[in-house]
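Structure, as structure tokens:
The values are calculated or read from the model by the stated rules, or taken from the named source; none is laboratory data. None of the values given here were measured: they were computed from a predicted structure. Using ideal geometry, Cβ is built from the backbone for each residue, glycine included, and neighbour counts are taken over all protein chains shown. The protein model used for the area step is the full one, side chains on, heavy atoms only, and it has no ligands, DNA or RNA in it. Shrake-Rupley method; radii C 1.70, N 1.55, O 1.52, S 1.80 Å.
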Amino acid sequence: EPGDAVLVSGPIGRHGMAVMALREGLEFETTITSDTASLWPLVRSLRDALGVCLHVLRDPTRGGLASALHEIATASDVGIALDESALPIPGDVAAACEMLGLDPLYVANEGVLVAMVPAAQADAALAALRAHPLGASSRRIGEVVARHRGMVVLRTALGGTRVVDLLPGDQ
């Protein structure tokens, strides 16, 4: 619903970059490790803390965070506005993506979830996520808005806004 907070349970892009590096024999100055993990403990924590106030849960694996959010915006007929400075993109993932010309928003995740909760419940949701080691890096990354229905936009660090499109194929 418009006004909901968009939360993510941890750093994005690690799984996809770890798999790509292994498959393609890419070597970076650091080893990027996958975030593969069961999401059930985080889901249970959120469910127990929020009950029916938990509006949306999603695993942003295929197509990454951007695709998952785009699908939610389209299905719910709402807009989603992300804050670029709040996105938890690890430095090694960001560097690898930049080197390869990839956008980390579209890189797969395996141990991360996206949740949408009423803004008034965001702090309680974050506390529930952060109480578990898998959710220790949880954060609020944006909000659901009534504008630009069916779209995801990113408020950039420079103060601009860009559309986060649904990719027609693989990156």
Given (1) open to solvent by 80 Å² or more (accessible area, probe 1.4 Å); (2) closer than 22 Å to L46 by Cβ, where does A115 come up short, assuming only one miss? (1)
Set P88, P168: member being within 29 Å of V19 (Cα to Cα) and either modelled with pLDDT of 95 or more or small (G, A, S) (or both): P88
Restricted to region 1-33, and to residues that are among the small types (G, A, S), part of a loop (DSSP other than H, G, I, E, B) and at pLDDT 75 or above, which residue is surrounded by the fewest Cβ atoms within 10 Å (Cβ to Cβ)? G3
Within region 138-149, residues open to solvent by 20 Å² or more (accessible area, probe 1.4 Å) and modelled with pLDDT of 95 or more come out as R139, R140, E143, A146, R149
Can you find even one residue in region 59-75 that is of a type in the set (S, T, Y) and in a helix (DSSP H, G or I)? yes
Filter region 118-137 for residues that are of a type in the set (S, T, Y) and loosely packed, with under 15 Cβ neighbours inside 10 Å and give the result. none
